[in-house]
Amino acid sequence: MAQTTQVSTVSDTEVLIRRSFDAPRHLVFACLKEPEYVREWLLGPEGWTMPVCEIDFRVGGRYRYVWANADGRRMGMGGVYREIVPPERIVASELFDEDWTGGETLNTSTLTESRGVTTLAMRIAYASKQARDGALATGMTEGMEAGFKRLETLLATMAAAQPGDSR
Amino acid sequence: MDTDRLNATFAALADPTRRAIIARLARGEASVAELAEPFDMSQPAISRHLKVLESAGLVSSGQDAQRRPRRLEAAPMAEIWEWLETYRKFWEARFSKMDHLLARLKAGESRKRKPRKGK
């Protein structure tokens, strides 16, 4: 059975994203490496398309993703494959064109299969703790920034409404 | 955007002892001695962790001058939780697309499945 995504900050410099899929491992692996599949699920912010999805799937090979919106704005990222163990492990560097992650990140995707259910664990290692916190706090997309703004409003309301509440 | 505060919160929560302290305080306020008890750690060591949690605004001291019970401050915890939730939803949207794609790939595979050895 598919489960919902779990996100945790496993160390000072990392983020771990976990998700199970109701599919065998080799298919989930294919979803991570075939451009026609990646295009279908690796969405950008709402309303953005992915005009560029190039993958040279070999150690030392590069990949490049670009998302674009109707106003002509573009957001690109890419990196190099460092390690490939089909169908269980992919290690790749990643850098956004507008480097808001404070240097390259190293992303390790690990796939484990049990009774037809495959769990994907994506560990994203940032260059430093500041980079990780900054990336998390700034938000990856406009959608997330909007979420963060709503949150600030909510917190302001909460702060105003808690004089001496001891719980 | 209060990035500094969020950074401080993340930094404070990056340590397993501090997360355990938070978990303990979620059940109710406690003095430094009470907090130190379950850990193999001296009270000064626990105090140092508490200082980090306090400067991140996650923990505050109570009125009782003798015990100075520490308690959890809900707002920054809510903030970090909400933040992770936004990030999580972003990825969940991607992965649910992948669910659909995988369902299609699975159907395609079973349709063309010829006698195939192993898995």
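Of B:53, B:58, B:84, all but one fail to be in contact with a strand residue (DSSP E or B) (Cβ under 8 Å, 6 or more places away or on another chain), among the hydrophobic types (A, V, I, L, M, F, W, C), modelled with pLDDT under 85 and surrounded by 15 or more Cβ atoms within 10 Å (Cβ to Cβ); the exception is B:84.
Report, by residue number, each residue of region A:99-116 that is more than 16 Å from the chain's Cα centre (by Cα) and either within 20 Å of residue A:33 (Cβ to Cβ) or assigned to a loop (DSSP other than H, G, I, E, B) (or both).
The initial filter retains those residues of region A:99-116 that are more than 16 Å from the chain's Cα centre (by Cα), namely A:112-116.
A:112, A:113, A:115, A:116 - these are the residues of region A:99-116 that are more than 16 Å from the chain's Cα centre (by Cα) and either within 20 Å of residue A:33 (Cβ to Cβ) or assigned to a loop (DSSP other than H, G, I, E, B) (or both).
Restricting attention to region B:62-71, does a residue exist that is under 30 Å from residue A:14 (Cβ atoms) and under 24 Å from the mean Cα position of the chain (by Cα)?
If we filter region B:62-71 for residues that are under 30 Å from residue A:14 (Cβ atoms), which is where we start, we get B:70-71.
Pick out the ones that are also under 24 Å from the mean Cα position of the chain (by Cα) and you get B:70-71.
Looking for residues that are under 30 Å from residue A:14 (Cβ atoms) and under 24 Å from the mean Cα position of the chain (by Cα), one finds at least one in region B:62-71, hence yes.
Among the residues of region A:49-61, is any within 24 Å of residue A:126 (Cα to Cα), in contact (Cβ under 8 Å) with a residue 60 or more places away in the chain, of a type in the set (A, V, I, L, M, F, W, C) and buried (at least 18 other Cβ atoms within 10 Å of the Cβ)? No; the residues of region A:49-61 include none that is within 24 Å of residue A:126 (Cα to Cα), in contact (Cβ under 8 Å) with a residue 60 or more places away in the chain, of a type in the set (A, V, I, L, M, F, W, C) and buried (at least 18 other Cβ atoms within 10 Å of the Cβ). Where in region B:12-119 are there helices (runs of 4 or more DSSP H), lying fully within it, with 3 or more residues that are within 14 Å of another protein chain (Cβ to nearest Cβ), without any contact (Cβ under 8 Å) to a residue 24 or more places away in the chain and over 22 Å from residue A:130 (Cβ atoms)? In region B:12-119, B:74-111 are the helices (runs of 4 or more DSSP H) which contain 3 or more residues that are within 14 Å of another protein chain (Cβ to nearest Cβ), without any contact (Cβ under 8 Å) to a residue 24 or more places away in the chain and over 22 Å from residue A:130 (Cβ atoms).
The values are calculated or read from the model by the stated rules, or taken from the named source; none is laboratory data. All of these numbers come straight from a predicted model, not from anything done at the bench. All Cβ positions, even for glycine, are placed from backbone atoms using ideal geometry, and neighbour counts span all protein chains on display.
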